[in-house]
Amino acid sequence: MNSPKIPLSSPDVTEAEIEAVAATLRSPQLSLGPRLAEFETAFTLLTGVEHAVAVSSGTAGLHLAMLALEIGAGDEVIVPSFTFIAAANAIRYVGATPVFADIDSVTLNLSPAAVERAINSRTRAIVAVHTFGIPANMPALVALAGRHHLALIEDACEALGATIDSQPIGSFGDIAVFAFYPNKQITTGEGGMIVTRDAGLASHMRSLRNQGRAPTDSWLQHTEIGYNYRLSEIGCTLGIGQMRRLPAILDRREEIAHIYRQHLSAERRLILPIDEMPGCCISWFVYVVRLADKFTAADRELVIRELEQAAIGCGRYFAPIHLQPAYADVPVAADLPVTESVALRTIALPFFNRINDSQIVTVCDALKLAVRRIS
Ligand SMILES: *Cc1c(COP(=O)(O)O)cnc(C)c1O
């Protein structure tokens, strides 16, 4: 198919950022230089968390979080199935078992009650994902983790800049991870950032991202088996420029979500994403609507086909992880009725900083036409 006239997502890189990247390319240091420290500092300032460790992707960050917390074979980690596969994969990289817990039908984030039911003597950690930029119920999950002596990891890859009662997402867990793939709120092409208050965990993850070199090791000394999960000066330079614009980016994305709601709220065949949560600030990652409960997966396919024919990019976020072929060997401990029901009917609409208001209206008109056709 031809590329859509209105894509699902599109990166937003300014000429000034391109100039800054070019300047870095003309410098002698393309890795482990001054931009790395500067980009990391931007995250300690944003989150109020003392230590930040830049890595080559969000997935790499989640992997290092599992390693630093010494999660391994025989351990269970509770994670949602209705999310991107990276967190569950990180659990499997270290030989631990992901245990899927169901989600809340309104926020689409982990249900604390379902998490509590999944806890047993093998449970070591909870991964709270802030899906689509909507804050997970951190007060409840922090309390649960504390009561059961579990580590709490925030997968904040979709929620840069979100807050709960003015407290930044990323500052609730033992470790939190952000990501900068081109469809995220900010991008470095590929990249991720880990934040933690624990100096020991931070130092260990710095070593693991750099081939297992301890802080006192020279280039050819390796205290342990590590990885090359470094983020280049090129990526860090782009990230610094993007972080400077973060407030404006988040404002525009909120405006886009608002315009979508204005044009779609009268359509009873659609369930719109929650957009007001007391005390919370959402960081809009994508705008995911879903068909009302009476509709089927086949109805969704018809709607998506209509949108694609109108050259509008859309996505089926998310296909549950526990139903992926790669997870056929992972037993599902509990039923996941909300996950399975919601996932059949979601449609992600075009969402990016530079989408203009008339493009949003075009998407909404096409969507309304398509959903009227299925009922
Ligand atoms: C984007 C994302 C990640 C990390 O993705 P990378 O492509 O590895 O940077 C992890 N979890 C969630 C929920 C994400 O959306």
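The values are calculated or read from the model by the stated rules, or taken from the named source; none is laboratory data. Bear in mind that the values here come from a model prediction, so they are computed numbers and not experimental data. All Cβ positions, even for glycine, are placed from backbone atoms using ideal geometry, and neighbour counts span all protein chains on display. Accessible surface areas use protein heavy atoms only, side chains included; no ligands, DNA or RNA. Shrake-Rupley method; radii C 1.70, N 1.55, O 1.52, S 1.80 Å.
Please give the number of the condition Thr188 fails out of (1) more than 12 Å from the ligand (Cβ to nearest atom); (2) on the phi < 0 side of the Ramachandran plot.
(1)
Going residue by residue through segment 113-128, is there one that turns out to be under 17 Å from the mean Cα position of the chain (by Cα) and either more than 16 Å from the ligand (Cβ to nearest atom) or acidic (Asp, Glu) (or both)? Outline the logic, then answer.
Here is the first cut: in segment 113-128, the residues under 17 Å from the mean Cα position of the chain (by Cα) are 126-128.
If we keep only those that are either more than 16 Å from the ligand (Cβ to nearest atom) or acidic (Asp, Glu) (or both) too, we end up with none.
Within segment 113-128 (the criterion being under 17 Å from the mean Cα position of the chain (by Cα) and either more than 16 Å from the ligand (Cβ to nearest atom) or acidic (Asp, Glu) (or both)), the answer is no, since none of the residues qualifies.
So that you can scan it fast, the table gives a plain yes or no per residue for (1) outside the structural domain of Glu306 (by TED's automatic domain parsing); (2) surrounded by 22 or more Cβ atoms within 10 Å (Cβ to Cβ); (3) in contact with a Pro (Cβ under 7 Å, 6 or more places away or on another chain); (4) not in a helix (DSSP H, G or I):
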site: Pro331; (1), (2), (3), (4): no, no, no, yes
site: Ala334; (1), (2), (3), (4): no, no, no, yes
site: Glu340; (1), (2), (3), (4): no, no, yes, no
site: Ile347; (1), (2), (3), (4): no, no, no, yes
site: Phe351; (1), (2), (3), (4): no, yes, no, yes
site: Arg354; (1), (2), (3), (4): no, no, no, yes
site: Ile360; (1), (2), (3), (4): no, yes, no, no
site: Asp365; (1), (2), (3), (4): no, no, no, no
site: Lys368; (1), (2), (3), (4): no, no, no, no
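Check Gly279 against each of (1) on the phi < 0 side of the Ramachandran plot; (2) open to solvent by 10 Å² or more (accessible area, probe 1.4 Å); (3) touching a residue at least 40 places away in the same chain (Cβ under 8 Å); (4) not assigned by TED's automatic domain parsing to the domain that holds Pro139 and name the one condition it does not meet.
Single failed check for Gly279: (1).
Contact list please: Cβ distance under 8 Å, first residue in segment 141-156 and touching a residue at least 60 places away in the same chain (Cβ under 8 Å) and under 21 Å from Leu67 (Cα atoms), second residue assigned to a loop (DSSP other than H, G, I, E, B) and among the charged types (D, E, K, R), pairs at least six apart or on different chains.
Between residues of segment 141-156 that are touching a residue at least 60 places away in the same chain (Cβ under 8 Å) and under 21 Å from Leu67 (Cα atoms) and residues that are assigned to a loop (DSSP other than H, G, I, E, B) and among the charged types (D, E, K, R), the close pairs are Ala151/Asp174; Ile153/Asp174.
So for segment 301-313 (the condition being within 30 Å of Gln167 (Cβ to Cβ), touching a helix residue (DSSP H, G or I) at 6+ places or on another chain (Cβ under 8 Å) and either of a type outside the set (Val, Ile, Thr) or in contact (Cβ under 8 Å) with a residue 12 or more places away in the chain (or both)), does at least one residue qualify?
Just the residues of segment 301-313 that are within 30 Å of Gln167 (Cβ to Cβ), to begin with: none.
No, there is no match, as no residue in segment 301-313 is within 30 Å of Gln167 (Cβ to Cβ), touching a helix residue (DSSP H, G or I) at 6+ places or on another chain (Cβ under 8 Å) and either of a type outside the set (Val, Ile, Thr) or in contact (Cβ under 8 Å) with a residue 12 or more places away in the chain (or both).
Tally up the residues in segment 219-238 that are open to solvent by 70 Å² or more (accessible area, probe 1.4 Å) and part of a helix (DSSP H, G or I), please.
Within segment 219-238, residues that are open to solvent by 70 Å² or more (accessible area, probe 1.4 Å) and part of a helix (DSSP H, G or I) number 0.
Can you find a residue that is within 16 Å of Val195 (Cβ to Cβ) and either in the same structural domain as Leu150 (by TED's automatic domain parsing) or without any contact (Cβ under 8 Å) to a residue 24 or more places away in the chain (or both) anywhere in segment 68-86? Full working, then the answer.
Residues of segment 68-86 within 16 Å of Val195 (Cβ to Cβ): 68-69.
From what's left, either in the same structural domain as Leu150 (by TED's automatic domain parsing) or without any contact (Cβ under 8 Å) to a residue 24 or more places away in the chain (or both): 68-69.
Looking through segment 68-86, at least one residue is within 16 Å of Val195 (Cβ to Cβ) and either in the same structural domain as Leu150 (by TED's automatic domain parsing) or without any contact (Cβ under 8 Å) to a residue 24 or more places away in the chain (or both).
Within segment 134-149, does at least one residue satisfy the condition of being among the charged types (D, E, K, R) and touching a strand residue (DSSP E or B) at 6+ places or on another chain (Cβ under 7 Å)?
Filtering segment 134-149 for residues among the charged types (D, E, K, R) gives 147.
Of the ones still in play, those that are also touching a strand residue (DSSP E or B) at 6+ places or on another chain (Cβ under 7 Å) are none.
Scanning segment 134-149 turns up no residue that is among the charged types (D, E, K, R) and touching a strand residue (DSSP E or B) at 6+ places or on another chain (Cβ under 7 Å).
Considering each residue of segment 96-128, count those that are crowded, with 24+ Cβ neighbours inside 10 Å, in contact with a Leu (Cβ under 7 Å, 6 or more places away or on another chain) and of a type in the set (Val, Ile, Thr), and give that number.
Residues meeting the conditions: 3.
Tell me, which helices (runs of 4 or more DSSP H) wholly within segment 1-94 include 1 or more residues that are modelled with pLDDT of 95 or more, open to solvent by less than 10 Å² (accessible area, probe 1.4 Å) and in contact with a strand residue (DSSP E or B) (Cβ under 9 Å, 6 or more places away or on another chain)? Quick ask: steps written out before the conclusion?
Working: elements: 15-25, 34-47, 58-68, 86-93.
Here the list reads 34-47, 58-68, 86-93.
Could you please find all residues in segment 43-99 being within 17 Å of the chain's Cα centre (by Cα), closer than 19 Å to Arg122 by Cα and more than 14 Å from the ligand (Cβ to nearest atom)?
Of everything in segment 43-99, just one residue is within 17 Å of the chain's Cα centre (by Cα), closer than 19 Å to Arg122 by Cα and more than 14 Å from the ligand (Cβ to nearest atom), namely Ile78.
Report, by residue number, each residue of segment 298-323 that is outside any helix (DSSP H, G or I) and open to solvent by 60 Å² or more (accessible area, probe 1.4 Å). Don't jump to the end; show me each part of the working.
To start, the set of residues in segment 298-323 that are outside any helix (DSSP H, G or I) comprises 310-320.
The answer is Arg316, and nothing else.
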